[in-house]
Structures are given as structure tokens and as C-alpha cells.
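Reviewing the structure listed below.
The values are calculated or read from the model by the stated rules, or taken from the named source; none is laboratory data. What you are looking at is a predicted structure, and each value in this text was computed from that prediction instead of being measured. Here Cβ is always computed from backbone atoms with ideal geometry, including for glycine, and neighbour counts include all displayed protein chains.
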Amino acid sequence: MIILIRHAESVANAGQRTDDPSTIGLTDAGLRQADALARAWEGTPPRMISSPFQRALDTAKPLASRFGLQIHLGAVHEFTYLSPDRCRGTTAHERKNWVDEYWRRAQPDFRDGTGAETFREFAERVETEIREIAANCVPGVVVVCHGQVIQMACWLASRRAFSIDSNAMREFRVLDVVSPIGHCEQRVLWSC
């Protein structure tokens with residue numbers, strides 16, 4: 001099985017201003033959450049993979065340290081659908097209208113700007129990375145990543161062949177809003 005874990009509370013989650021999505025760190029509460037996750041973990045994970053984004057790495061480090069594991073980086077980083085340049089120095093509250101407009105468009109091939117990913121690219125990236133992890137899986141591999149990555153992996157796993165179109169994008173957004181993944185929350189995928 002693959003155990004997907006969302007990162008602990010980040011400064012962006014706490015409403016603070018952020019710059020580059022990859023460098024957003026954890027709050028003090030998030031650091032405590034990551035430590036609590038490591039202390040409560042039962043059994044030694046055979047392998048640990050993390051998003052290269054700082055908040056995921058900071059969540060993975062206490063667990064890896066507890067069990068003497070190396071953290072392997074994977075393409076399980078956050079879905080950056082808004083241009084990082086446009087969002088530099090803003091809060092989640094200040095970005096809300098841009099977020100709403102992005103999802104209202106429901107255009108899977110729309111790119112907001114430099115450094116942004118399209119919805120189709122995001123879906124393909126997550127599908128490819130999870131398949132690769134599953135193909136090389138040691139049962140119980142832990143993947144520390146992001147809420148939308150977990151949502152996408154689970155959403156794709158629950159479907160047979162289907163198109164990434166506007167309807168699929170709307171469906172994904174409803175899932176993400178109605179059933180959010182909490183900090184340090186886990187989901188299990190696929191038996192290896």
C-alpha cells in the first residue's frame with residue numbers, strides 16, 4: 001500500500017503572506033503536528049517519499065529521523081495553478097478571487113502564467129508519479145505531499161478511463177472543497 005500524508009499546517013494555511021510556493025514553511029503549530037505524527041507512527045515505514053516543497057519536507061523530517069530513513073524526493077508537489085509571480089507577497093484571502101475565477105473557467109489546458117501548471121498537466125503528473133511509486137512499491141511506503149495531490153491520486157484511482165475536460169475539472173473541485181484533506185491526514189492507495 002501507499003500511504004499519502006498531507007503536510008502539517010503551513011504559514012499560508014495560517015493566512016500569512018507568502019512568496020514562492022515551494023519555500024512556504026510550517027507554522028509553530030505545524031511543527032508540533034509533524035512531531036506528533038512521528039511520535040504516534042506505528043511500525044517502521046520501509047521507504048519515505050516527499051514533495052520537494054518545504055512544508056512537506058518539514059513534515060517528513062521528524063518521521064524520517066525517528067526511523068533513520070532517507071527522504072526521497074518525488075513529483076508529488078502542490079498544484080500551482082496560479083502564477084507564482086502574480087501571487088508573490090499575497091495571502092490566501094487576497095488570492096481568493098483569482099482562485100474562484102480559475103475554477104469557474106474550468107479550462108483544463110489554461111495556464112495562468114509562468115510557473116503555473118494546467119489542470120491536465122497536474123492530473124497527468126500525479127497519475128504518472130503514483131504509478132511509478134506503485135510499480136516500485138514496498139508495502140507501506142509513505143508519501144508526504146499536499147492536499148490536492150492526495151485528492152487527485154484518490155480521484156484518479158476511483159475512475160476507469162475518462163477524459164480530463166471541463167466537467168471532470170468541476171467534479172474534482174467539488175470533491176476538493178466538500179471533502180478537504182486535513183493537516184497530517186492520511187489516505188491509503190493500492191496494494192503493492
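Could you pull out the residue among Glu117, Glu127 that is touching a residue at least 12 places away in the same chain (Cβ under 8 Å), in contact with a helix residue (DSSP H, G or I) (Cβ under 6 Å, 6 or more places away or on another chain) and either under 26 Å from Cys184 (Cβ atoms) or outside any helix (DSSP H, G or I) (or both)?
Numbers: Glu117 fails: in contact with a helix residue (DSSP H, G or I) (Cβ under 6 Å, 6 or more places away or on another chain).
When all the criteria are applied, what remains is Glu127.
Yes/no per residue for (1) at pLDDT below 95; (2) touching a strand residue (DSSP E or B) at 6+ places or on another chain (Cβ under 6 Å); (3) surrounded by fewer than 18 Cβ atoms within 10 Å (Cβ to Cβ):
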{"site": "Ala134", "(1), (2), (3)": "yes, no, yes"}
{"site": "Val143", "(1), (2), (3)": "no, yes, no"}
{"site": "Ala161", "(1), (2), (3)": "yes, no, yes"}
{"site": "Asp165", "(1), (2), (3)": "no, no, yes"}
{"site": "Gly182", "(1), (2), (3)": "no, no, yes"}
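Residue by residue through the range 109-132, note down the ones that are touching a Lys or Arg at 6+ places or on another chain (Cβ under 8 Å) and either under 30 Å from Met1 (Cα atoms) or among the charged types (D, E, K, R) (or both). Spell out the reasoning first.
Filtering the range 109-132 down to residues touching a Lys or Arg at 6+ places or on another chain (Cβ under 8 Å) leaves 109, 112-113, 117-118.
Once the filter is applied, which keeps residues that are touching a Lys or Arg at 6+ places or on another chain (Cβ under 8 Å) and either under 30 Å from Met1 (Cα atoms) or among the charged types (D, E, K, R) (or both), the range 109-132 yields Asp109, Asp112, Glu117, Thr118.
Among the residues of the range 13-44, how many are surrounded by fewer than 20 Cβ atoms within 10 Å (Cβ to Cβ) and assigned to a loop (DSSP other than H, G, I, E, B)?
Within the range 13-44, residues that are surrounded by fewer than 20 Cβ atoms within 10 Å (Cβ to Cβ) and assigned to a loop (DSSP other than H, G, I, E, B) number 13.
Looking only at residues in the range 78-91 that are in contact with a helix residue (DSSP H, G or I) (Cβ under 8 Å, 6 or more places away or on another chain) and in a helix (DSSP H, G or I), which one is farthest from Asn13 (Cα to Cα)? Quick ask: steps written out before the conclusion?
Taking the range 78-91 as the starting set, the residues that turn out to be in contact with a helix residue (DSSP H, G or I) (Cβ under 8 Å, 6 or more places away or on another chain) are 78-82, 84, 86-87.
Then keep just the ones that are in a helix (DSSP H, G or I); that gives 84, 86-87.
Details: Pro84: 16, Arg86: 18, Cys87: 15 Å.
If we take residues in the range 78-91 being in contact with a helix residue (DSSP H, G or I) (Cβ under 8 Å, 6 or more places away or on another chain) and in a helix (DSSP H, G or I), then Arg86 is farthest from Asn13 (Cα to Cα).
In contact with a Phe, Trp or Tyr (Cβ under 6 Å, 6 or more places away or on another chain), hydrophobic (A, V, I, L, M, F, W, C) and either under 16 Å from Val141 (Cα atoms) or at pLDDT below 95 (or both): is that true of Ile49 in this structure?
Details: in contact with a Phe, Trp or Tyr (Cβ under 6 Å, 6 or more places away or on another chain): no; hydrophobic (A, V, I, L, M, F, W, C): yes; either under 16 Å from Val141 (Cα atoms) or at pLDDT below 95 (or both): yes.
No; evaluated as a whole, the condition is false for this residue.
Quick one: what pairs do we get from the range 149-169, first residue under 15 Å from Leu4 (Cα atoms), second of a type in the set (Lys, Arg), C-beta under 8 Å, 6+ apart or different chains?
Qualifying pairs under 8 Å: Ile150/Arg6; Ile150/Arg187; Ala153/Arg187; Cys154/Arg187.
So if I check each of Val143, Val99, which one is outside any loop (DSSP other than H, G, I, E, B), at negative phi and out of contact with any helix residue (DSSP H, G or I) (no Cβ under 7 Å at 6 or more places or on another chain)?
Details: Val143 fails: out of contact with any helix residue (DSSP H, G or I) (no Cβ under 7 Å at 6 or more places or on another chain).
On inspection, the qualifying residue turns out to be Val99.
Looking only at the range 59-97, how many residues end up being buried (at least 16 other Cβ atoms within 10 Å of the Cβ) and aromatic (Phe, Trp, Tyr)?
Adding up the residues that qualify gives 2.
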